[in-house]
1. Looking only at segment 50-94, which residues have a backbone nitrogen under 15 Å from a spot 7 Å from the Cα of THR312 in the C-beta direction?
2. Whole-Å semi-axes of segment 254-320's equivalent ellipsoid, largest first, each the root of 5 times a Cα gyration tensor eigenvalue?
3. If the cut-off is a Cα-Cα distance under 18 Å, which lysines reach LYS260, setting aside same-chain residues fewer than 8 apart in sequence?
4. Can you tell which of ALA17, TYR103, HIS254 lies farthest toward the positive end of the dipole of the chain, using +1 and -1 charges on the Cβ of basic and acidic side chains (Lys, Arg; Asp, Glu)?
5. Could you tell me the relative contact order of the chain? Use alpha-carbon pairs under 8 Å, at least six residues apart, and round to a whole percent.
6. May I ask you to compute the full-extension gain from GLN282 to GLN161, defined as 0.36 nm times their residue separation minus their alpha-carbon distance, rounded to one decimal in nm?
7. Suppose every K and R has +1 on its Cβ and every D and E has -1 on its Cβ; what is the size of the dipole of the chain about the Cα centre, in Debye to the nearest 20?
8. Mind checking the full-extension length gain between ALA366 and ARG243? Use 0.36 nm per residue of separation minus the Cα-Cα distance, one decimal, nm.
Amino acid sequence: MKSEIQQHADFNKVRYANCWEDADILVTALEPKGKHCLSIGSAGDNAFALLAAGAKSVVISEMNPAQVACIELRKAAYHHLSHPEFLTLLGETGSNNERLELYQQCAPSLSKTTRSYWDHYQDTVAEGFGRIGKFESYFGLFKNKILPLVHGRKRIDELLQNKPLEERSTFYQQQWNTWRWRILFKCFFSRFTMGKLGRDPAFFKYVEGSVAEKILSRTKHALVELEPGKNPYLNWILNGCYRSALPYALRLEHFDTIKKNLHRITIKKTPIEAVLQNNQQQFDAFNLSDIFEYMSEGNTTKLLQKIHSMSTSGARLAYWNMLAPRSRPDSMSKQLRPLDQLSQRLFYEDKAFFYSKFIIEEVIKANE
């Protein structure tokens with residue numbers, strides 16, 4: 001069984017070497033402690049975040065073999081390495097030789113297919129496997145080629161310093177939001193450029209309006225309303241690494257919890273539709289990433305109905321809209337209840353600033 005997007009995009013390369021969705025708001029939304037969770041894979045970070053937050057089990061659905069290789073290497077790294085070593089293998093610290101040595105420690109726990117994949121890409125392992133995705137390369141191009149045309153290192157460092165809200169607003173208006181910033185931003189984050197270099201043109205099939213304008217508005221929110229220095233995603237874009245602003249699954253306080261509970265993770269190398277069709281266990285929580293972004297409204301409804309049939313009463317769904325608006329249709333008003341107040345509060349806190357909406361919905365069963 002295939003998902004709609006598989007018919008239009010290539011799923012044999014690493015698109016995301018990291019998860020670019022804020023696990024802090026995901027964990028708050030789903031309250032995964034003691035729950036059976038189903039999570040879209042991507043690079044695996046947010047599935048491991050659910051595990052760190054106390055999930056009873058986490059089934060990962062990932063249809064891209066290259067992304068599966070990323071998830072399996074993360075799982076092996078949690079098992080074999082210390083926290084500093086994990087960050088070194090990811091590419092945050094250390095040297096190429098150190099990373100190759102750490103990879104050899106992880107290799108025995110990898111499946112034959114995944115080990116063959118990483119053995120073939122030893123150069124990317126040496127650079128840090130958290131850097132190899134198409135999306136990461138896109139941000140690397142922005143950091144190295146575009147941003148220096150607008151702001152120097154000193155101004156970037158000043159942006160990331162802790163400041164009160166009023167000072168952040170003044171800095172943004174007077175120092176950061178120049179005409180050159182706006183023009184280059186709109187060019188680099190246009191539908192064409194993002195489709196060519198960052199995502200896939202097929203991912204914009206259901207998008208209407210200006211892509212760059214919407215992202216620019218959310219970027220201002222991240223730079224002014226939130227604290228830039230504590231934002232993992234902004235730090236990665238501007239510095240090429242997280243530094244001390246680590247996302248949920250990479251923080252030291254969660255490392256041992258993940259390491260001790262890796263047996264609760266199951267990786268399914270199939271689309272979510274196939275997982276729902278073949279799984280015997282009903283789920284209490286769903287991390288759906290932004291999968292509806294790539295589906296027609298009709299296919300979105302069909303998938304939501306499948307999810308409902310495999311859910312316990314009160315199960316929660318969490319997912320993002322980037323540019324295509326998707327949520328529970330009116331026809332499912334007796335099956336899914338939108339948690340709008342919680343959604344809006346958490347969306348305000350969302351540090352992954354390129355999304356336009358965060359959706360949380362709760363399952364209603366017929367006997368309620």
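Rule-based calculations on the coordinates, nothing more; no lab input. Being a predicted model, the structure only gives us computed values, none of them experimental. Note that we place each Cβ from the backbone using ideal geometry, even for glycine, and neighbour counts take in every protein chain shown.
1. Only 54-59 fall inside the zone, counting backbone N under 15 Å.
2. Numbers: eigenvalues 116, 40, 32 Å².
Equivalent ellipsoid semi-axes, largest first: 24, 14, 13 Å.
3. LYS33, LYS35, LYS56, LYS75
4. ALA17
5. Value for the chain: 24 percent.
6. Working: separation 121, 0.36 × 121 = 43.56 nm, distance 4.54 nm.
So the extension gain works out to 39.0 nm.
7. Result for the chain is approximately 420 debye, rounded to the nearest 20.
8. Between ALA366 and ARG243, full extension yields an extra 39.4 nm.
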